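The values are calculated or read from the model by the stated rules, or taken from the named source; none is laboratory data. All values derive from a computational prediction rather than experimental measurement. Every residue, glycine among them, receives a Cβ derived from its backbone with ideal geometry; neighbour counts consider all protein chains shown. Protein only, heavy atoms only, side chains kept; ligands, DNA and RNA dropped before computing areas. Shrake-Rupley method; radii C 1.70, N 1.55, O 1.52, S 1.80 Å.
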Amino acid sequence: MSVSVIIKWGGQEYSISSLSEEDTVMDLKQSIKSLTGVLPERQKLLGLKVKEDEVKLGSLKLKPNTKIMMMGTREESLEEVLAPPPENDDVVNDFDIEEEVIEVENREENLAKIARRVKDYKVEEMNPPREGKGLLVLDVDYTLFDHKSCAETGQELMRPYLHEFLTSAYEDYDIVIWSATSMKWIDAKMKVKPLGVIWGKYGEFYNRKNTIMFDDIGRNFLMNPQNGLKAHLNREKDRELYKLAQYLKEIAKLEDFSGLNHKHWERYLSKRQHH
């Protein structure tokens, strides 16, 4: 017997009717990927009370045209974007090759793209910039929300201490949520989030000296490696946002972040707390 569902995502609805009861949740996710471009590992299907992708759809007793809300962002796999040898993946993502990073950051055609985006792109402001505040740029997937958890609602997807983290951070920083795939660009094989777009639009308030960006994918910092901090989600005991709030509070005392190495933020925080 066929299974028909309607996937709600990004303000649109996608009808899927090509699956059978013998197909699995993973088969459903693959069908969703073909329609939306969101990778299966990036998909969170709200309302499906299953923990394993191998579960057959027939066992879920879905009614015809059941509507399922999907959370997730289009994200090319690391292999497709960087295609490094497996043993070099961490090296590339963490930018140990300084010369390559500098070259990408200052490449003329990339600076020209930023200039065009500064001119054309419209930022959706919820609140105006505040004088004297730093800038905190946040990703959503796996930085603020755990999209691989077994949660069924947006509330349950939140990482622990999220409200406390945002409340504390807002005391010292203006906050930008940057998770739109359309804004990740440089060329076909190297997609990043260039902070120069924000600095170009709000140069009176923000620059490389007072900006920090959290993301779970290191390559998104490639244009601005000195400003990036890679988030790591630990499902066993996730206290990272609690500690990051403390780190942000410590560095907010500085006039210039450019001398910091955010890769060693925990070491920096430990030293400050023991002084």
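One table, with the values for the structure above:
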read-out: Residue that is nearest to Glu266 (Cα to Cα), among those in the range 223-236 that are of a type outside the set (S, T, N, Q), modelled with pLDDT of 80 or more and more than 14 Å from the chain's Cα centre (by Cα); value: Pro225
read-out: Qualifying residue in the range 186-199 (condition: at pLDDT 85 or above, out of contact with any Pro (no Cβ under 6 Å at 6 or more places or on another chain) and open to solvent by 30 Å² or more (accessible area, probe 1.4 Å)); value: yes
read-out: Set Gln12, Gln43, Gln30: member being closer than 30 Å to Trp178 by Cβ, at pLDDT 90 or above and either acidic (Asp, Glu) or touching a helix residue (DSSP H, G or I) at 6+ places or on another chain (Cβ under 9 Å) (or both); value: Gln30
read-out: Count of the range 219-275 residues which are part of a loop (DSSP other than H, G, I, E, B) and either touching a residue at least 40 places away in the same chain (Cβ under 8 Å) or open to solvent by less than 40 Å² (accessible area, probe 1.4 Å) (or both); value: 14
read-out: Those residues of the range 33-74 which are among the aliphatic types (A, V, I, L, M) and either within 16 Å of the chain's Cα centre (by Cα) or not in a helix (DSSP H, G or I) (or both), in sequence order; value: Val38, Leu39, Leu45, Leu46, Leu48, Val50, Val55, Leu62, Ile68, Met69, Met70, Met71
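This table checks each residue for (1) of a type in the set (A, V, I, L, M, F, W, C); (2) in contact with a strand residue (DSSP E or B) (Cβ under 8 Å, 6 or more places away or on another chain); (3) open to solvent by 40 Å² or more (accessible area, probe 1.4 Å).
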{"position": "Leu19", "(1), (2), (3)": "yes, yes, no"}
{"position": "Thr24", "(1), (2), (3)": "no, yes, no"}
{"position": "Ile32", "(1), (2), (3)": "yes, yes, no"}
{"position": "Gln43", "(1), (2), (3)": "no, yes, no"}
{"position": "Leu46", "(1), (2), (3)": "yes, yes, no"}
{"position": "Glu52", "(1), (2), (3)": "no, no, yes"}
